[in-house]
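Here the structure is laid out as structure tokens; the discussion comes afterwards.
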Amino acid sequence: MAFVQSSGTTHPPFRQAADPVADGAFSTADLRRLDAVIHDARHASTAPASELLAPLRPDGTAAALTERECTFDHCAVLLFPDTLDAGLRHLAERGLAPLPAVPSTVVRARLGARHRLDPARCDVHITRLRIPLPDGRRHPAVEVFLFPRDSEAFDERVEAAESAYGFENHTAFVVDRPSGPLLRRLVTTWHAEAGLLWEGGGHNPHEGGPAGSTVTYFVRDHRRPARRRRFELHCAGDLRGATADLPRPAEAVRQAYQAWPAAPKRPDA
């Protein structure tokens, strides 16, 4: 089962089985990745935008605009619980206070394109975990996409590939006073100064209030490597029209994903 990015990039098939479910909810690999994203979110919550977006000029437009107009919101990960209820129960029992899960729109579409699945059969939900941050706040700073193993579209090879590559991992900012012109400026300056390629996004009517929310995703140009490879801008409302006429660098996005290395295996994995 090969899988493709929406840009058409094909990655080799994964055939190894996923780790066994450790506690009736998540595999041991998923539990390690959950711990890692919680640690990452705690660090990101106090880091300046220039550090999170690096490499870029700390005194440049992209850093200044992001620090003035955006606030760190969350780090994200895709996990594969035995069932949705079991996953949410495990998170609650760990004291992570998951918010009510809502259906995903964008990630379902991305998984469908990447693995040639029907998005309607990808039973993916989103929850947020409220974690204590270094500044004393308890904030929903971890976003978890849950693709249950009892979903109609679940396949162990999908789980193995997503776990290895981390295609849905990202660092997200919320735009405090969203507007069409501001979103356009962020897209263009992130591209010019941080090497972040606009790869699309969409509108989720289930999140962000009565008008839903607009998410815009970015992947890092492979010629400007850094640890953080994907970013999200989160805007309240439907702002899809603000970027509709901007050129989308499809070929550069394809090359970025083609060069995307798998996450290194831990020695104890």
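The values are calculated or read from the model by the stated rules, or taken from the named source; none is laboratory data. Nothing here was measured: the structure is a model prediction, and the numbers come from that model. Because the Cβ atoms are built from the backbone with ideal geometry, glycine has one as well, and the counts that use them run over all protein chains shown. Side chains are part of the model used for accessible areas, which takes the heavy atoms of the whole protein and leaves out ligands, DNA and RNA. Shrake-Rupley method; radii C 1.70, N 1.55, O 1.52, S 1.80 Å.
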Taking Cα pairs closer than 8 Å and at least 6 residues apart, the relative contact order of the chain in percent is 21
Along principal axes, largest first, the alpha-carbon spread of region 65-174 in whole Å comes out as 41, 36, 23
In whole percent, the fraction of accessible protein surface over region 93-137 that belongs to carbon or sulfur atoms, probe radius 1.4 Å, stands at 55
Semi-axes in Å, largest first, for the chain (Cα gyration tensor, √(5λ)) are 27, 22, 19
Given 241-252, 121-132, the highest-first ranking by average Cβ count within 10 Å works out to 121-132, 241-252
Using alpha-carbon positions, the gyration tensor of region 115-224 gives root eigenvalues a ≥ b ≥ c; with a/c under 1.5 called rounded, otherwise prolate if a/b exceeds b/c, else oblate, the class is prolate
Listed by chain and number, the residues whose amide H is under 5 Å from that of residue 76, excluding neighbours fewer than 5 places away on the same chain and using placed H, are 143, 170
Residue separation between residue 130 and residue 240 times 0.36 nm, minus their alpha-carbon distance, gives in nm 36.7 nm
For region 196-244 the trypsin sites (Lys or Arg not before Pro) that pass both the DSSP coil test and the at-most-16 other-Cβ-within-10 Å test are 223, 227
Net charge near residue 63 (other residues with Cβ under 11 Å of its Cβ; Lys, Arg +1; Asp, Glu -1) is -2
CD proxy, 222 nm, the chain: helix-only mean residue ellipticity via -39,500 (n - 2.57) per DSSP H run with n ≥ 4, per residue, nearest 500, stands at -9500 deg cm²/dmol
Residue-normalised value, i.e. accessible area per residue, for the chain at 1.4 Å probe, in Å², stands at 43
